[in-house]
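Notes follow the structure.
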Amino acid sequence: MAAPWEDVLCNEPALREAASVAVDAALLEGVLMRTEGEPNASDVVNYAPFTLLPSTVPSALFEQAYAVQQDFNLLVDAISQNKEFLEHTLASTVKVDDFTARLFRIYTQVLEEGLAQSVFLGINRSDYMFDCGVDGTPALKQIEINTIAASFGGLTSRTVAVHGQVLKVLGKSKEASHLLPNNPSKGLALGIVKAWELYGSQSAVVMFLVEEVQRNIFDQRCVENELWNRNIRVIRKRFRDVFEEGSLDDARRLYMDGQEVAVVYYREGYVPKNYDQQNWEARLLLERSRAVKCPDIATQLAGTKKVQQELSRPGTLERLLPGHAEAVARIRATFAGLYSLDMGEEGDKIAAMAIADPDRFVLKPQREGGGNNLYGEELRQVLEKIRDSPERTSYILMDKIKPQPAINYLLRAYSPLQVSECVSELGIFGVYVRQGKEMVMNRAAGHLLRTKAIEHADGGVAAGVAVLDTPYLV
């Protein structure tokens, strides 16, 4: 997939000039992050890392990713309502993975008590790479689906303008005009607005549940400002604030500082380090409340890697989405090979296969946030260590996707401008709102392209590996 600006890749003076313009454009547009040195202060900020040039994406695969997003929204929602499926699928995982087990305990406790929540809001992001098969034809293959704290919908809304400016500076105005508009922050906000409206209290607030360290605050502010623009009050609180200030009334309405909370939007709570005992108690309080949680704990469990692996088994999608044969076909077409490492003969064979040929696979733990997957020699060493232990059931094995690398420049603060061989990952944001059994909103809400140098096997933008990008459809 040759880019229509390959002729300028060898013109170093032009690229240096373009990089200088790009950095200023990113600052002007608000493609910003706080610094590592002052992660909770906006006195000094820098641009979020991004590519100098947009990356080419096959238009057919881009359209396929958008077309299947509503199907994935339906699937995630169906899983979240299926207690039997979650219990069966996560039975082996909760025995060996304490984090998933604690989430699951809260899930069962809240179900036994009876759900106070009647409106459900899902904001997810389905991530894909373009796998070049034996014949070199690229195919869309899903990496994972993120059902909690799916980030960068805000900043990616602002990168199109930056890349458009770069192309113009390089004399590619026609190409600049072909970049697609993209505004996930508005799409995500519309889902939150609909959930807030259905909750039914004009005076209630939306609460962003945020981390102790908030480097990526501007990404969240993009969504937040969309809500303020609609005169919906937003408060930002941490788990410890919920523990200290949160309370439920007799109707299980949630109050923070005396303010009723309609929607809790999680930008925190997806990895074990987010929790201590107080934070677990705060999470339980939130889950017991009537407030619309995004996600509720069932939807967070629906996004675990073990569920992803179970979905690839024959017949599973049909059971979860009866009467949706076309949706099932669209979803299944995106699956890469996924394998169970459960104890038993089948799991033993899979483990032996991966140890014998580790470069064919990726070993994935039940973790979000990037930087957790294992490849190559590291994969082999870990699997050899745990091959006879139930600990192996807390991982899944997936075929390694092999995309075609492309040349680009990755712009990072204080880093020299240098050419890199890169691969990209396309994420499609999905938003749905359900009231009782009725789906009242189900849509794709924009896209996110992240690109990284091929020497980095794993990790996203927040993990410091990938950078923001803009797709150029070919």
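The values are calculated or read from the model by the stated rules, or taken from the named source; none is laboratory data. Keep in mind it's a predicted model, so treat the numbers as computed, not measured. FYI the Cβ positions are ideal-geometry reconstructions off the backbone, even for glycines, and counts take in every protein chain you see. Heavy atoms of the whole protein, side chains included, go into the accessibility calculation; ligands, DNA and RNA do not. Shrake-Rupley method; radii C 1.70, N 1.55, O 1.52, S 1.80 Å.
Remarks
- Taking every DSSP helix (H) stretch of at least 4 residues in the chain, weighting each as -39,500 (n - 2.57) and dividing the sum by the residue count yields a mean residue ellipticity at 222 nm of -11000 deg cm²/dmol.
- Unsatisfied cross-links (Cα-Cα over 20 Å) in the set 141/293; 83/293; 400/452: 141/293
- Estimated at 0.36 nm per residue, the fully extended path between residue 14 and residue 391 surpasses their Cα-Cα distance by 130.4 nm.
- Relative packing of 290-302, 419-431, which averages over residues the other C-beta atoms within 10 Å, highest first: 290-302, 419-431
- Dipole-positive endmost among 139, 191, 447 within the chain (Cβ charges, Cα centre): 191
- Extent along principal axes [Cα atoms of region 139-210; Å; largest to smallest]: 52, 32, 21
- Average accessible area per residue (Å²) across the chain - probe 1.4 Å, nucleic acids and ligands excluded: 41 Å²
- Distant alpha-carbon pairs in the chain (separation over 38 angstrom), percent: 24 percent
- Peptides 159-169, 355-365, 42-52 ordered by average Cβ neighbours within 10 Å, highest first: 159-169, 42-52, 355-365
- Summary of packing: across the peptides 111-121, 215-225, the per-residue average of other C-beta atoms within 10 Å ranks them, highest first, as 215-225, 111-121.
- Over the C-alpha atoms of region 314-433, the Rg to Rh ratio, Rh being the Kirkwood estimate, stands at 1.05.
- Contact order normalised by residue count of the chain, Cα under 8 Å, 6+ apart, percent: 25 percent
- Each residue of region 431-442 is assigned a 3J(HN,Hα), and the resulting list reads 9, 9, 10, 10, 10, x, 9, 9, 7, 9, 8, 7 Hz, derived from the Karplus form 6.51 cos²θ - 1.76 cosθ + 1.60 (θ = phi - 60°), x at Gly and Pro.
- Given in Å, the Rg to one decimal and the Dmax to the nearest whole number for the Cα atoms of region 337-400 are 10.4, 32.
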